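Nothing in this text is a laboratory measurement; each read-out follows from the coordinates by a stated rule. Keep in mind the model is a prediction, meaning the values are calculated, not measured. We place every Cβ from the backbone using ideal geometry, glycine too, and count neighbours over all the protein chains shown.
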Amino acid sequence: MKLYNQGATPASVTSPVSFAGLIEKIEILRSTLRWASRLDRPEIEKLLKQATTLRDEVMGLSHKERFVQAAASAETAAGSADEGAPPQQEVERMPRERRQALMERSFIFEGTFGDNPKLLEALEIAEKAAPTDLPVLIDGESGTGKELMAKVIHANGSRTDKPFISVNCGAIPDSLLESELFGHKKGAFTGASNDRRGKFESAHTGTIFLDEIGELPLTGQVKLLRVLEAHEIQRVGSDEIISVDARIVAATNKDLRKMSEAGTFREDLFYRLSVIHVSLPALRERHDEIPLLVSYFSDEAASMLKRAPVRLTPRLRDFLLHYDYPGNIRELRNLMYRLSCLAGDTADLAQLPQDIRPKPALAVVGATASGGTDIAMPTSLSEAKRAASDEAERAFLERGLQEVGGTVAELARRFDMNRSHLQMLLKKHGIHSKDFRASRQADGSKA
Ligand SMILES: Nc1ncnc2c1ncn2[C@@H]1O[C@H](COP(=O)(O)OP(=O)(O)OP(=O)(O)O)[C@@H](O)[C@H]1O
Ligand SMILES: [Mg+2]
């Protein structure tokens, strides 16, 4: 059974959902519940309990199915032994089995999706590190899921019901850093009108997530090192020593080892933070998973926006599969939400953000891995002319509709064209005028 259909229509509409897929969806529900800010703790606990029971029941059914499958494949293997057939594409099935094994050990994915070997390795390390209090350093490019991974570690550990406090070290001005992290005493400095506890105290018994740790100035690094060594803090302006028990997870998109060689990050702090080191792969390293991620986020966006999953024109799908995604999973996720919000039934290149949209004349075959565009070699001059003319026509219509905010009558008036001829041309190119109404509203509301 397959969870995701790699065609244009998301699997939830057309193909049966596997047990693994169901469990994944329940895990997402459990994760959503755990972070639901609108519900009270007892309500969350109650719903979580019910979701856990449901997951265990699905797992039971899944075991049963796998038992039947194993028996069937044992029979097939016995039958084909003479031909020396290899066991069912062992290598290909491995990642899926690794994920399945994590599921069977009740690992909480927090919605982390994908079977890329590097990602699975990161999850397996997270699983082992989670129940300990060892510091974890997560690195990866922007948008690769570092914060999500920090939540995974928190959720799988014994501190799961305790606070998870996130601190963006790059966003705190140097002058406020100490007070933010360790708190202050009333009157400690101008503006300190009350006693205030810092992030470390708030994270007591839970986890503190030090995001963008590479941005922490050297003075802050020294202070952090002291906390890591002594598990004690002092509020600014106070002599009192306060013990804190916070599990530390840090994240960076920088190479801290190189920074410490260059003297911009303390080497001793680097080693303290990176007792367990988790690296997340960039999306370009898991290109083969893009079709699955497109379906996954398209479904997610559809349920969030309470709409049917958006269809993609072949050329948009082609673009999405070959684009370079410098912003990694976050960029892909945001794109799918944008397309789902702006498009009618079907999304096309026109709904892509302007800065990544391929130039109309070059959009014939879509984008290359570098985000640029490629033109397929036409087989004859007349075919080349026809393709160029088609593209010019489409670009003209799209730009025109954009300018008139999707009003076909206005476009016909402006270019002195017959309205029904215009409608026919729009139909020929699969362009929906209402998509341009939505995009104009969205651009307007953003400004
Ligand atoms: N493997 C994954 N499966 C599903 N969603 C993911 C995955 N990785 C990341 N995401 C989603 O992508 C978005 C970005 O993730 P996150 O904020 O954790 O990245 P980050 O590495 O911390 O980014 P930055 O460096 O920009 O802070 C989030 O919406 C997250 O839920
Ligand atoms: Mg982040």
List the trypsin sites (Lys or Arg not before Pro) within segment 221-309 that DSSP assigns to loop and that have no more than 11 neighbouring Cβ atoms inside 10 Å. 306
Work out how far the C-alpha atoms of segment 130-255 reach from end to end along every principal axis, then list the three figures in whole Å, largest first. 41, 29, 23
Run the simple label-point estimate for residue 46 and residue 193 please: 7 Å along Cα→C-beta, distance reported in nm. 4.0 nm
Difference of contour (0.36 nm per residue) and Cα-Cα distance, residue 308 to residue 160: 49.8 nm
Work out, in µm²/s and without decimals, the Stokes-Einstein translational diffusion coefficient of segment 276-337 at 20 °C, 1.002 mPa s, Rh from Kirkwood over C-alpha pairs. 173 µm²/s
If the reach is capped at under 23 angstrom between alpha carbons, list the lysines near residue 385, excluding any in the same chain fewer than eight residues apart. 359, 427, 428
Under 13 Å from residue 46, Cα to Cα: aspartates and glutamates that are on another chain or at least 8 residues apart: none
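Quick one: 408, 136, fewest Cβ neighbours within 10 Å first, how do they rank?
408, 136
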